[in-house]
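The values are calculated or read from the model by the stated rules, or taken from the named source; none is laboratory data. Quick caveat, the model's predicted, so the values are computed rather than measured. So basically every Cβ, Gly included, is an ideal-geometry build from the backbone, and we count neighbours across all protein chains shown. Surface areas here come from the heavy atoms of the whole protein model, side chains and all, with no ligands, DNA or RNA. Shrake-Rupley method; radii C 1.70, N 1.55, O 1.52, S 1.80 Å.
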Amino acid sequence: MTLSESPVVTIESGSVRGTVEDGVAAFRGIPYAASPVGERRFAAPVPHPAWSGVRDADRPGPSVPQNPSRLEAVMGPRTPDWDEDGCLTLNVWTPRPPADGSAPGALPVLVWFHGGGFTSGSGGWDWYDGRHLAAAGRAVVVTANYRLGPLGYLYLPDLGIENLGVQDQAAVLAWVRRNIAAFGGDPGSLTVGGQSAGAFSALYLAVSPTTGPLVNQVIAQSGPFGLAPQDPEEASDHARRFLDILGILGPGGTRDRGAALRAVPADRLLAAYQRLSREAARPGNVAPPMYPVLGASGIPATWQQALVDGRLDGKGLLTGTTRNEMASFFALAPRIREITADRARSIAAGQADGGDERYDRIAARRPNATPADILTEFETGLVFRDDTLAIADRHAAAGNPTYVYRFDHVPVPDPAGLGAAHCVELPFFFDTFDAYPDSPMLGEATAAVRSLGGTFSRAIAAFVATGRPAADQWHPYEPADPATVRHFG
């Protein structure tokens with residue numbers, strides 16, 4: 001790597017020129033796989049062709065095709081920036097490594113995957129700028145795009161179309177293994193992390209027989225671990241309905257489904273997926289109609305079975321949730337805000353054995369809460385908190401290094417009653433407050449808020465670098481001991 005204000009690194013595909021920001025070298029929009037267009041749409045990722053000369057890496061690549069996020073009203077709006085051509089890119093931040101990229105002090109690496117319900121998001125968005133993390137931990141930070149929605153999780157195994165988004169994530173880890181030393185990173189010291197869908201992804205990458213051996217540590221933020229990988233039968237049903245909406249099945253439809261899918265404009269695929277999402281929506285259910293399928297690429301078993309098999313053993317784990325996760329999905333939804341107690345209790349009963357009794361216990365403990373608030377707490381536990389703690393309990397009990405947090409920051413003002421909602425820890429994690437100017441979940445970024453961000457971000461960076469988070473009173477987690485959960489807020 002050439003040290004200058006326009007640093008150049010040579011990787012397997014060619015040379016890339018980055019920028020220097022706050023003393024950290026940033027390389028954005030590096031293609032890790034060929035564009036998934038034409039014959040490569042709905043195909044497994046393959047390495048990007050080599051290029052000649054020096055490729056500018058001073059801006060992110062486009063997002064993958066996607067509809068607007070259902071959480072924009074909570075996180076803040078995004079301007080659509082997707083383009084199927086050139087979307088499989090990643091971004092690297094490194095604290096100015098030596099020119100040869102091979103010093104004995106090669107830096108630990110964090111590969112972090114964004115959330116968005118396997119339906120939206122981009123590793124290139126300024127929300128997830130990695131320079132502050134890289135500087136705080138003397139680590140190399142990598143974020144990446146992966147295919148979403150029908151382009152990433154359509155399930156047609158007879159055509160070889162299955163878990164393409166998971167395969168993209170695996171390709172990112174393989175790229176990092178082959179190339180990160182050029183940026184001063186140590187491929188043998190890899191933490192894989194992510195938030196929400198990205199946390200789900202990070203855990204399954206860490207326990208997969210294929211990618212697990214590459215991973216030393218895991219960071220799982222607000223993982224929806226109460227959501228099992230999609231059942232193949234359900235995934236097949238949704239795929240058939242998706243093809244039917246597109247007119248690829250049924251009267252007048254084509255029998256060459258692969259060719260027909262590759263010919264459909266991306267915006268038509270997104271419109272069909274949006275229709276399918278509306279049809280599949282159920283009160284209290286946050287699962288998208290297409291997401292990683294059990295038994296398909298990268299997901300050979302549930303996390304429960306993988307932990308029983310010891311596939312997470314020996315890896316450090318840092319995990320946690322926000323206090324009011326489901327408020328991001330419910331607080332602004334009129335049909336939830338206006339729900340009756342009988343209806344809310346019925347939803348709880350239908351989602352878990354003894355769900356109605358658990359609903360009643362929450363209601364008894366919170367006599368002044370609305371049915372919507374009680375259902376929010378119930379679903380927060382069911383989808384996010386319960387299984388996050390179950391994973392931590394099992395991991396710590398087996399003698400593995402485990403750290404657990406709960407994020408309690410409440411925005412000021414908070415007119416929607418979001419509390420500490422799903423995604424609220426993200427600006428604190430990356431220390432990127434200025435990227436959230438219109439975010440109801442954050443509120444005003446006061447000096448105290450920014451100070452909390454510095455504390456949280458430095459703690460995360462230290463875990464990546466040393467295996468221990470650097471924060472007062474953050475001790476290793478003890479199974480079933482709430483006193484060893486570190487609260488931030």
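Residue check: is Ile374 in a loop (DSSP other than H, G, I, E, B) and either open to solvent by less than 20 Å² (accessible area, probe 1.4 Å) or touching a Ser or Thr at 6+ places or on another chain (Cβ under 9 Å) (or both)? Judged against the criteria, Ile374 is not a match. In region 158-176, the residues that are on the phi > 0 side of the Ramachandran plot reach residues that are surrounded by 24 or more Cβ atoms within 10 Å (Cβ to Cβ) and part of a helix (DSSP H, G or I) with C-beta atoms within less than 7 angstrom, at least six apart or across chains, in these pairs: Asn163/Tyr153.
Going by what's in this entry, would Ala392 be described as within 30 Å of Gly76 (Cα to Cα), surrounded by 17 or more Cβ atoms within 10 Å (Cβ to Cβ) and small (Gly, Ala, Ser)? When the stated conditions are applied, Ala392 does not pass them. Scanning region 120-167 for residues that are closer than 16 Å to Thr89 by Cβ and part of a loop (DSSP other than H, G, I, E, B) turns up Gly121, Ser122, Gly123, Gly124, Trp125, Asp129, Gly130, Asn145, Tyr146, Arg147, Leu148. Any chance region 40-59 includes a residue that's over 21 Å from Ile11 (Cα atoms), at pLDDT below 95 and open to solvent by less than 30 Å² (accessible area, probe 1.4 Å)? No, because not a single residue in region 40-59 is over 21 Å from Ile11 (Cα atoms), at pLDDT below 95 and open to solvent by less than 30 Å² (accessible area, probe 1.4 Å).
With respect to Gly198, is the statement that it is open to solvent by 20 Å² or more (accessible area, probe 1.4 Å) and either over 24 Å from the mean Cα position of the chain (by Cα) or modelled with pLDDT of 95 or more (or both) true? In short, no. Scanning region 172-195 for residues that are open to solvent by 30 Å² or more (accessible area, probe 1.4 Å) and either out of contact with any Asp or Glu (no Cβ under 7 Å at 6 or more places or on another chain) or polar (S, T, N, Q) (or both) yields a total of 7. Return a yes/no flag: does region 280-290 have any residue that is out of contact with any Gly (no Cβ under 6 Å at 6 or more places or on another chain) and either over 28 Å from Asp353 (Cα atoms) or of a type in the set (Ser, Thr, Tyr) (or both). Within region 280-290 (the criterion being out of contact with any Gly (no Cβ under 6 Å at 6 or more places or on another chain) and either over 28 Å from Asp353 (Cα atoms) or of a type in the set (Ser, Thr, Tyr) (or both)), the answer is no, since none of the residues qualifies. Those helices (runs of 4 or more DSSP H) of region 255-361 in which at least 1 residues are buried (at least 20 other Cβ atoms within 10 Å of the Cβ) and under 23 Å from the mean Cα position of the chain (by Cα), considering only elements entirely within it, cover 266-280, 303-308, 327-330. Of Glu21, Glu39, which residue is closer than 19 Å to Ala139 by Cα and either within 26 Å of the chain's Cα centre (by Cα) or of a type outside the set (S, T, N, Q) (or both)? Just one listed residue meets the conditions, Glu21.
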